[in-house]
Amino acid sequence: MKVLFATTNEAKVGKYRKALKEKGIELITVKDLDFKLEIEENGKDAIENAYIKAKAYYDVTLIPTIGMDNNLFIEELPDEKQPGNHVRRVNGKELTDEEMIEYYTKLVKENGGKLTAKWIFGMVICNHNGIKKCSWVKDNFYFVDKPCEKRIQGYPLDSISVIPEFNQYFLELTEEDKKRYKRKDNINNVIEFIIKNIL
């Protein structure tokens, strides 16, 4: 069964592709289509933006569609300086991965060298059965002002994320430690949500 993940971010899809394939679900992305919709992601939170993307692509393709978005909140910053929905868009400009690392490491330096961060994720599935929504939080990490050498395209802030439990950059965790960390990251619950509401 083909399911459209309404994103061009392959790293985002990669988290789920293998586990879903084992259940007979083949994820395709916007890059696999012969068109791309211009979508204004003007929702007030991650769920609304996920809905906007999923609904827009489902209405055009009639392929069961997953939309996903995330908001970033930083504990030490006042409300007016929160990235929120605009993690990648700063002062009206869409930042590249490296520009994001540069911007956020500078922000960390300006605020004492360490910032406590939290991601709030939203996922929406649109298909012939209607609309299903799911939200979760990843909050056991902080940002530092010196990035590690490793990079994952599409997830630049992982390069400045340190996991207190291991006192290491996320990208430098062993495979075993990553598995332990991901269990806390609700990834299995998200996969179960997709399977339950797609099949």
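The values are calculated or read from the model by the stated rules, or taken from the named source; none is laboratory data. This structure is a prediction, so every number in the text was calculated from the model and none was measured. Reconstructed Cβ throughout: ideal geometry from the backbone, glycine too, with neighbour counts over all protein chains shown.
Structure above, values below:
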{"read-out": "Residue selected from the stretch 104-130 under the condition part of a helix (DSSP H, G or I) and either buried (at least 18 other Cβ atoms within 10 Å of the Cβ) or at positive phi (or both), by the criterion nearest to the chain's Cα centre (by Cα)", "value": "TYR104"}
{"read-out": "Selection from the stretch 146-162 of residues that are at pLDDT 95 or above, among the hydrophobic types (A, V, I, L, M, F, W, C) and not in a helix (DSSP H, G or I)", "value": "CYS148, VAL162"}
{"read-out": "Top-ranked residue of the stretch 151-168 - restricted to ones that are more than 18 Å from the chain's Cα centre (by Cα) and without any contact (Cβ under 8 Å) to a residue 24 or more places away in the chain, ranked as surrounded by the fewest Cβ atoms within 10 Å (Cβ to Cβ)", "value": "ASN167"}
{"read-out": "Residues that are within 16 Å of the chain's Cα centre (by Cα), among the basic types (Lys, Arg) and more than 30 Å from GLY113 (Cβ to Cβ), drawn from the stretch 45-95", "value": "LYS53"}
{"read-out": "Residue identified as buried (at least 19 other Cβ atoms within 10 Å of the Cβ), modelled with pLDDT under 95 and in contact with a strand residue (DSSP E or B) (Cβ under 8 Å, 6 or more places away or on another chain) among ASN71, ASN85", "value": "ASN85"}
{"read-out": "Check on LYS133, touching a strand residue (DSSP E or B) at 6+ places or on another chain (Cβ under 9 Å), on the phi < 0 side of the Ramachandran plot and in contact (Cβ under 8 Å) with a residue 24 or more places away in the chain", "value": "yes"}
{"read-out": "Per-region count, the stretch 12-27, residues without any contact (Cβ under 8 Å) to a residue 40 or more places away in the chain, surrounded by 15 or more Cβ atoms within 10 Å (Cβ to Cβ) and touching a Lys or Arg at 6+ places or on another chain (Cβ under 9 Å)", "value": "1"}
{"read-out": "Residue match in the stretch 131-150 (condition: under 18 Å from ARG89 (Cα atoms) and crowded, with 19+ Cβ neighbours inside 10 Å)", "value": "no"}
{"read-out": "Test: residue in the stretch 32-44 that is modelled with pLDDT of 90 or more, over 14 Å from the mean Cα position of the chain (by Cα) and not in a loop (DSSP other than H, G, I, E, B)", "value": "yes"}
{"read-out": "Neighbours by Cβ (under 6 Å, 6+ apart or cross-chain): first from the stretch 83-98, within 20 Å of ILE152 (Cβ to Cβ); second among the hydrophobic types (A, V, I, L, M, F, W, C) and modelled with pLDDT of 90 or more", "value": "PRO83/LEU72; VAL87/LEU72; ARG88/LEU95"}
{"read-out": "Hits in the stretch 116-151 (condition: over 20 Å from TYR57 (Cα atoms), of a type in the set (A, V, I, L, M) and out of contact with any Leu (no Cβ under 7 Å at 6 or more places or on another chain))", "value": "ILE120, VAL137, VAL144"}
{"read-out": "Selection status of ALA50, over 23 Å from TYR169 (Cα atoms), at pLDDT 95 or above, surrounded by 16 or more Cβ atoms within 10 Å (Cβ to Cβ) and in contact with a strand residue (DSSP E or B) (Cβ under 6 Å, 6 or more places away or on another chain)", "value": "yes"}
